[in-house]
Amino acid sequence: MADADEIPVSAAEQAFLAAMNDEQEAPIIDDARESSVTADGTTPPEINGQVGEERDSEEMVPQEDQAQEEEAEQAEQNPSETTSVASRRDSTVPSISSPPRPTTAGAHDSAIPVSESISVQKDEAPDATPSAPTTPATPVIVQGANWEASPSKGAQKNAPGKRKRLAQDLVGQLEDRTQENPRGDVEAWLQLIEEHKRKSKFDDARAVYEKFFVHFPQAAQQWTAYVKMELDNNELGRVENLFSRALLAVPDVGLWGLYLDYIRRRNNLTNDPNGKARTIISQAYDFVLNNIGFDKEAGRIWQDQIAFVKSGPGNVGGTGWMDQQKMDMLRKVYQKAVTQPVIGVEAMWREYDSFEHALNKITAKKFLQERSPSFMTARACLVELTNLTRGLRRETIPRLPPAPGYDGEDDWNYQVALWKKWIKWEKEDPIVLSKEDPAAFRNRIIYAYKQALMALRFWPDMWFEAAEYCFDNDMEAQGMEFLKQGLQANPESTLLTFKYAERLEHSTPAQDGEAAAVHKGQLVRKPYNDLLDTLYALYAKMQTREKDEIAKIEEEMAGDDDQSPIDDDDDEEDQRPTSQNPKEQKINEVKEKSKVEMLKLSKVISAVWINLMRAMRRIQGHGRVNEPLGGSRQIFADARKRGKITSDVYVASALIEYHCYRDPAALKIFERGMKLFPEDEDFALEYLKHLVNINDITNARAMFETFVSKVAPSKCQRVYQFFHHYEAHYGDLIQVYKLERRMAELYPTDANLEIFSSRYSYHTVDPCQYRPVISPQHQLRPKAMIPLPPEAAVAAAVAAGLPLPPPPPFMAGVGAVPPIPPLPGMPMGLPNPPIAPPAPQPNMRIGSPKRAANDDDDFSNRARKLPRADSPVPVLKGAAGRRLNQIKQQQAAAAAAAAANQGGQGQQQGGQQQGQQRKEERQYVKREKGQDTNGIPEAVWNLLTMIPGAERYNAVRFRPEAMVGLLAGTNIPPSQGW
């Protein structure tokens, strides 16, 4: 019987455990000095007991089950102890002020252990084999997070289906949309809020607002609408609570302006005998302008403050103390306002100028001269900033960034570029504040980052850059706050998690003792745990989405199979090629797409486990499994329990054991991984490299032969190349020949020359490719080449595997057409066509009777008279011209006679004959001049006749072949449609 505090094993598990007693396997980590190995040399169940999780992992290869069964057998054969894995997260970990993250069913919780011991007496197994070891202890298998009926799977099986909303249930439909896609479906949130407001259900609207601000805490427009709703309902207590929550977190001019309006509403100036209300309002203005006064849109608030000071008691220009106090306050506000690059700064400067001149023209000159440079700088900066941010959308409701290659990516990248340009502009200090007021200079940059993050909340790169700026400028607390808020907005961001955990590791002081290492490890591991919970939840969501899409396809195409036509002719049916029906094809497409996405996510999950393993190795060393000082080995054990990992985790753990501790457990980890991933080329290559590195050549050859015998040739080419490289450098020549023959049979397309030359290369030096220059006079003669025709150039570029670069323009008159260097892979034996000698350049320096031309005269910028273009009407002289005139006269006489004989019909035919006549004339002229259109449209040819010849140009000369190719491929509509 099992102990009372242990969970009994089901009959299915007993049968599974009994089937595991066929073989025994060596433990992965065998270190007698660590508590992770038992006294009898077997591996503790905490390491091998993770088979349950890996058994359910979809990334495992087909032969994984056998290796897992052997691993479970090892756990069963541990007769000495029954243990349970401690929780990965301790409830005493100090809070880091990070909001709670959503956890999935089966995820680790701080108050619930991650695994439980399942014990079963060996004699209870019904199918126990006689060859099993006879030990009195009970076998133990650790229950992983996803063992058999995990909570998430059970919930999926037992959970009731979604409620079908009625067509008129708009609120229910919107609620479902917000639950399914809380960060993406912003329209559903806003429609749901407006629907509750329309029905005057303000409590429901408040509840939706609170849920909305969990995902969008900096949505300034919604905070403003929320406050206005409470103001309309005269809920002043709620209004003040909202302002206390939103003001410092949302740097929006509109929201802060609403706060000022509320302050002035609550403090009545008409009945203020003691001046208390005016003092409160004045303090509110100072508070608002100190936080957002440097915003470009804050000009209205500056002007409101000036008007507020003007409305105070006293007269400007008076002699009383109250008049003097009002004058000083107004001058102070003016001097601050005119130095800010805000909208309306010029109007405020004019007011300030009038104010000073009205007081005293002598002192006005002094005060205005002091502030004039700052005003000029602010005005110039306003113009520059306005031009810089033209097209920038300062949105307060962030949107999820589009996936690469999909709609909206270009616009998103453009907006990100504009935000970065604004931040870069602030860092360049155009207002000249870095030396005069460093605090104000940093505040402007932080404000720009906050404005960008309001619109790019779901862009982790911007959070990272903001935190980096703070760390570089000794603002540690502000940088950590940026990272915390970024993780709250992007819990799946590996970038922010790695940065935050690294800062925790760096900033936590190092102390001696095991307790200090445990405490530091808990601090660093918490962000990793939150990230892993989010990624595993995302993986489960992908699986659920795949099932839903498949169920939808089956439901929509349920009757297609029944309606398919039945063919009675069996012979024709046998000869017809078998293909999938549309439903199966769509289902397979969904599965393939989901498989690719889940494989990507599995690689990311594996990378997170690897980085956590490295961090814990730095903090706690290799550690001891199932103890507070777990170290890297505890992380490896936890990763195997949770599953959804690739072979990279095994490679990283093995290399840590070897490089850091020279522990023989590295080989055992590689052996176990080879059984779990027998067809993984990456893992086999790393394993092979490790065996070569430790000089275990015998096992390396055996492992190589074993792997290539099981895997298809297309999946082991890199393994062949690596082993060929090793044999060529350190092996026997006979072995090299044998290996090359095998590679030639498997990969006949590989060039033998490259394989042979690779044997004699060293790093980046390939001596077989060296071509010495024996005779420079004969081998280094410059090649005179003309640009290849477009078709030949494209063919050469395609053959070389490189894009064809556009040829740079060159200046005529320097000499012959400059040669274009051949592209890599271009055949060198092409004959060079003859090149016509360059046309003589006209002497641009003409002797003048007024002044002799000097040698130092510069004629490059002098205006030149361009030669008149040739006439578009072809003209021939001499005998050819006389023959052309004779043909014209004959055709005109024939046309006139035909018109006279046939009347109106003759006129129409005469017009056709005249058109044909003009066409024949042009063709005759072309034949007489020896010109050929080569398929160029007639209108283009007429255009070419209007362009002066190339010998008359002194500017940039184009390639004739490229121009002909361009014009020949131009699609010009026929002239009849003009």
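General observations
- Filtering Glu346, Glu370, Glu384 for residues that are open to solvent by 70 Å² or more (accessible area, probe 1.4 Å), assigned to a helix (DSSP H, G or I) and in contact with a Phe, Trp or Tyr (Cβ under 8 Å, 6 or more places away or on another chain) leaves a single hit, Glu384.
- Inclusion of Glu657 among residues that are crowded, with 22+ Cβ neighbours inside 10 Å and of a type in the set (Asp, Glu) is warranted.
- If the condition is being polar (S, T, N, Q), under 17 Å from Lys332 (Cβ atoms) and either open to solvent by 60 Å² or more (accessible area, probe 1.4 Å) or in contact (Cβ under 8 Å) with a residue 40 or more places away in the chain (or both), then the range 275-302 contributes Thr279, Gln283, Asn290.
- Flag if Met674 is hydrophobic (A, V, I, L, M, F, W, C), touching a residue at least 12 places away in the same chain (Cβ under 8 Å) and either within 19 Å of Arg640 (Cα to Cα) or open to solvent by 60 Å² or more (accessible area, probe 1.4 Å) (or both): yes
- The set of residues in the range 619-641 that are open to solvent by 10 Å² or more (accessible area, probe 1.4 Å) and either within 30 Å of the chain's Cα centre (by Cα) or acidic (Asp, Glu) (or both) contains only Glu627.
- Restricting attention to the range 586-609, the residues being among the β-branched types (Val, Ile, Thr), closer than 30 Å to Thr508 by Cβ and open to solvent by 20 Å² or more (accessible area, probe 1.4 Å) number 1.
- Long-range neighbours under 6 Å by Cβ, at least six apart or interchain, first residue within 14 Å of Arg545 (Cα to Cα) within the range 581-597, second open to solvent by 70 Å² or more (accessible area, probe 1.4 Å): Val590/Glu549
- Only one entry of Met322, Met327 meets the criterion of being modelled with pLDDT under 95, in contact with a helix residue (DSSP H, G or I) (Cβ under 9 Å, 6 or more places away or on another chain), surrounded by fewer than 21 Cβ atoms within 10 Å (Cβ to Cβ) and assigned to a helix (DSSP H, G or I), and that entry is Met327.
- Count of residues meeting criterion [open to solvent by 10 Å² or more (accessible area, probe 1.4 Å) and either out of contact with any Pro (no Cβ under 8 Å at 6 or more places or on another chain) or not in a helix (DSSP H, G or I) (or both)] in the range 524-539: 5
Per-residue answers, yes or no, for (1) under 30 Å from Met542 (Cα atoms); (2) surrounded by fewer than 17 Cβ atoms within 10 Å (Cβ to Cβ):
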residue	(1), (2)
Gly184	yes, yes
Ala205	no, no
Phe216	yes, no
Trp223	no, no
Phe243	no, no
Asp252	no, no
Leu260	no, no
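- Across the range 264-319, the qualifying residues are those that are among the charged types (D, E, K, R) and part of a loop (DSSP other than H, G, I, E, B), and the one among them that is modelled with the highest pLDDT is Asp295.
- Residue match in the range 364-381 (condition: within 24 Å of Leu255 (Cβ to Cβ) and either aromatic (Phe, Trp, Tyr) or in contact (Cβ under 8 Å) with a residue 12 or more places away in the chain (or both)): no
- Close pairs from the range 422-444: first closer than 19 Å to Gln478 by Cα, partner among the small types (Gly, Ala, Ser) and open to solvent by 30 Å² or more (accessible area, probe 1.4 Å), Cβ under 8 Å, at least 6 apart: Phe441/Ser434
- Every test in (1) open to solvent by 70 Å² or more (accessible area, probe 1.4 Å); (2) in contact (Cβ under 8 Å) with a residue 12 or more places away in the chain is passed by Thr270 save one, and that test is (2).
- Looking only at the range 416-463, residues that are over 28 Å from Glu492 (Cα atoms) and among the hydrophobic types (A, V, I, L, M, F, W, C) come to 7 in all.
The values are calculated or read from the model by the stated rules, or taken from the named source; none is laboratory data. Because the structure is a prediction, the values reported are computed rather than measured. Ideal geometry is used to build each Cβ from the backbone, glycine not excepted, and the neighbour counts take in all protein chains shown. Calculation scope for accessible area: heavy atoms of the full protein, side chains included, ligands and nucleic acids excluded. Shrake-Rupley method; radii C 1.70, N 1.55, O 1.52, S 1.80 Å.
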